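Step one of this worksheet: look at the structure below.
The values are calculated or read from the model by the stated rules, or taken from the named source; none is laboratory data. Not measured: the values here are computed from a predicted model. Virtual Cβ from ideal backbone geometry, glycine too; neighbours counted across all protein chains shown. These area figures cover heavy atoms from the full protein model, side chains too; ligands, DNA and RNA do not enter into them. Shrake-Rupley method; radii C 1.70, N 1.55, O 1.52, S 1.80 Å.
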Amino acid sequence: MKKFDVAIAGGGVIGGAIALELARAGLSVAVFDRQQPGQEASWASAGIISPAPESPSMIVTVPLAKASVSLYPEFVAQVEEISGKSVGFRPKGTLEALFSHDTKAELSTIIALHHGLGLRAEPLRAEDARELEPALSEEVEAAVLRPDEGSVDNRALTGAILEAAQRSGAEIFSENGAKAIRREGNRCAGLILQNEKVEAKWTIIAAGCFSAMIEGIAPYAPVRPAKGQMAALRADDLKMERVLWSEKIYLVPRNDGRILVGATVEYAGFDNVSSTAGGITKILSAAIELAPGLANARIEETWAGLRPDSPDHLPILGPTDVDGLLLATGHFRSGILLTPITARLVREWITEQRVSVDWDRFSPLRFQAAATDAARHAPA
Ligand SMILES: Cc1cc2nc3c(=O)[nH]c(=O)nc-3n(C[C@H](O)[C@H](O)[C@H](O)COP(=O)(O)OP(=O)(O)OC[C@H]3O[C@@H](n4cnc5c(N)ncnc54)[C@H](O)[C@@H]3O)c2cc1C
């Protein structure tokens with residue numbers, strides 16, 4: 001039987017980054033993926049790095065997100081150096097455009113919310129916003145500049161992380177997915193793969209939205225897929241430096257001149273992962289509303305992917321009540337943002353039995369507690 005210090009199920013950006021951190025810490029690490037690694041959500045993503053919460057329920061993730069943003073430059077430098085590959089990191093800020101007629105009130109609410117969370121955000125008049133980003137529509141009434149945000153080319157990043165992990169000593173096994181965890185009493189002793197078993201002191205489940213399909217994992221990670229449709233455009237005469245947002249859409253410029261447009265959020269199961277006429281029409285018309293010059297852009301690619309969503313939309317991170325079993329999934333719309341901090345915290349837990357950012361709120365045990373509470377309060 002193959003034997004490692006750490007066995008990781010899932011070779012997306014999360015499993016790959018954890019493998020890199022742990023291999024660099026001197027542990028023997030193996031990543032098992034059911035297909036070629038890096039081809040799921042981590043490939044389909046937009047790669048925006050923004051700790052600003054998308055809804056009030058996401059505010060609890062801000063400390064984690066801020067810690068990840070501050071790790072990003074060092075993380076990227078390390079991945080690029082070890083892999084020898086560029087990951088298209090663009091820490092150039094993001095700009096949110098406001099279209100409403102009551103922008104004064106909206107602006108002050110947004111700015112106060114950000115400042116209250118310790119996030120930098122600057123109000124901009126429409127003309128100043130258009131001076132920074134000439135592609136913006138004439139209809140924009142005001143904007144918010146968030147200078148600490150940015151983007152990374154998630155496909156390049158995932159590939160480079162996997163390469164760096166291998167160069168640091170991690171072994172990566174493709175087409176060899178996990179069927180179940182190997183239980184020995186209250187201990188997890190590794191993974192049961194399609195045709196073999198592996199032994200490990202630590203087992204980490206990082207199989208994205210597929211994590212609950214691994215036998216023994218559903219109680220800790222009741223994740224489901226949230227489909228997102230995207231398009232890549234090319235408009236040679238359009239200048240765009242920063243990620244642009246409106247209420248409906250985001251636009252993400254890449255170093256190669258492409259502009260990514262995204263994304264829908266649909267609950268359509270596991271099988272329906274193709275682009276649809278309705279989905280692409282919706283994102284392209286919102287893109288043209290935000291930057292009208294895109295009407296003449298060429299469509300270079302359309303695709304869809306499955307985000308790992310959890311019942312409360314928060315990540316699922318940390319140890320379980322089975323010794324040696326950890327979860328790192330449920331990153332939903334923020335997995336690229338949260339990659340450096342996820343890898344850091346898992347490494348700290350395994351090598352130092354402590355973490356530098358509180359992760360209790362994201363415990364994999366919270367779903368069992370919720371189920372027990374619901375049963376206790378159910379009518380007799
Ligand atoms: C359209 C879209 C846009 C997004 N935009 C952003 C963004 O702008 N910013 C951001 O931060 N996040 C964004 N996200 C979210 C982000 O991409 C995800 O949260 C992140 O990629 C999750 O990474 P992961 O490694 O957990 O999962 P995945 O990348 O899905 O990787 C899971 C891996 O596990 C493997 N696997 C599955 N089953 C098994 C098994 N049984 N055994 C072994 N391996 C298995 C899969 O083959 C896959 O390689 C977006 C996602 C989508 C789809």
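Quickly run through the stretch 268-306 and pick out the residues that are under 30 Å from K239 (Cβ atoms) and among the charged types (D, E, K, R). Passing the criteria: K282, E289, R298, E300, E301.
It is to be established whether one or more residues within the stretch 352-362 are in contact with a Phe, Trp or Tyr (Cβ under 8 Å, 6 or more places away or on another chain) and surrounded by 20 or more Cβ atoms within 10 Å (Cβ to Cβ).
Of the stretch 352-362, the ones in contact with a Phe, Trp or Tyr (Cβ under 8 Å, 6 or more places away or on another chain) are 355.
If we keep only those that are surrounded by 20 or more Cβ atoms within 10 Å (Cβ to Cβ) as well, we get none.
No: zero hits.
Scoring R234 on the criteria (1) within 15 Å of the ligand (Cβ to nearest atom); (2) touching a residue at least 60 places away in the same chain (Cβ under 8 Å) leaves a single failure, condition (1). Scanning the stretch 61-92 for residues being β-branched (V, I, T), crowded, with 18+ Cβ neighbours inside 10 Å and either more than 20 Å from R167 (Cβ to Cβ) or touching a strand residue (DSSP E or B) at 6+ places or on another chain (Cβ under 9 Å) (or both) gives a total of 2. With respect to being surrounded by fewer than 23 Cβ atoms within 10 Å (Cβ to Cβ) and not in a loop (DSSP other than H, G, I, E, B), R344 fits the description.
For M58, which of the numbered conditions (1) open to solvent by 50 Å² or more (accessible area, probe 1.4 Å); (2) modelled with pLDDT under 95 fails to hold? Exception for M58: condition (1).
Would you confirm, using the coordinates I've provided, whether S42 is among the hydroxyl-bearing types (S, T, Y), closer than 28 Å to I259 by Cα, open to solvent by less than 20 Å² (accessible area, probe 1.4 Å) and more than 16 Å from the ligand (Cβ to nearest atom)? In short, no.
Within the stretch 93-110, if we keep just the residues that are in contact with a strand residue (DSSP E or B) (Cβ under 6 Å, 6 or more places away or on another chain), of a type in the set (A, V, I, L, M) and modelled with pLDDT under 95, the residue that is farthest from P56 (Cα to Cα) turns out to be L107. Of everything listed in (1) within 12 Å of the ligand (Cβ to nearest atom); (2) touching an Asp or Glu at 6+ places or on another chain (Cβ under 8 Å), the single unmet condition for T61 is (2).
Of all the listed residues (G177, G185, G190, G118), the sole one being open to solvent by less than 10 Å² (accessible area, probe 1.4 Å) and either at positive phi or aromatic (F, W, Y) (or both) is G190.
Please report, ordered by residue number, the strands (runs of 3 or more DSSP E) entirely within the stretch 1-106 with at least 3 residues that are farther than 30 Å from A121 by Cα and of a type in the set (A, V, I, L, M).
Those strands (runs of 3 or more DSSP E) span 2-9, 29-32.
What do you reckon, is S50 among the small types (G, A, S), away from the ligand (no atom under 16 Å from the Cβ) and touching a strand residue (DSSP E or B) at 6+ places or on another chain (Cβ under 7 Å)?
Values: among the small types (G, A, S): yes; away from the ligand (no atom under 16 Å from the Cβ): no; touching a strand residue (DSSP E or B) at 6+ places or on another chain (Cβ under 7 Å): yes.
Against the criterion (among the small types (G, A, S), away from the ligand (no atom under 16 Å from the Cβ) and touching a strand residue (DSSP E or B) at 6+ places or on another chain (Cβ under 7 Å)), S50 does not qualify.
Entry remark, the stretch 150-170: residues being open to solvent by 10 Å² or more (accessible area, probe 1.4 Å) and in contact with a helix residue (DSSP H, G or I) (Cβ under 9 Å, 6 or more places away or on another chain) number 8 in total. When you go through (1) modelled with pLDDT under 95; (2) closer than 29 Å to L20 by Cβ; (3) hydroxyl-bearing (S, T, Y) one by one for Y220, which number turns out not to apply? For Y220, the exception is condition (1). Picking from residues in the stretch 7-21 that are within 6 Å of the ligand (Cβ to nearest atom) and among the small types (G, A, S), the one that is farthest from G159 (Cα to Cα) is A9.
The set of residues in the stretch 266-309 that are more than 14 Å from the ligand (Cβ to nearest atom), modelled with pLDDT of 95 or more and open to solvent by 40 Å² or more (accessible area, probe 1.4 Å) comprises A277, G278, T281, S285, I288, E289, P292, A295, N296, R298, I299, E300. Against the numbered list (1) hydrophobic (A, V, I, L, M, F, W, C); (2) open to solvent by less than 30 Å² (accessible area, probe 1.4 Å); (3) under 29 Å from R366 (Cβ atoms), L244 comes up short only at (3).
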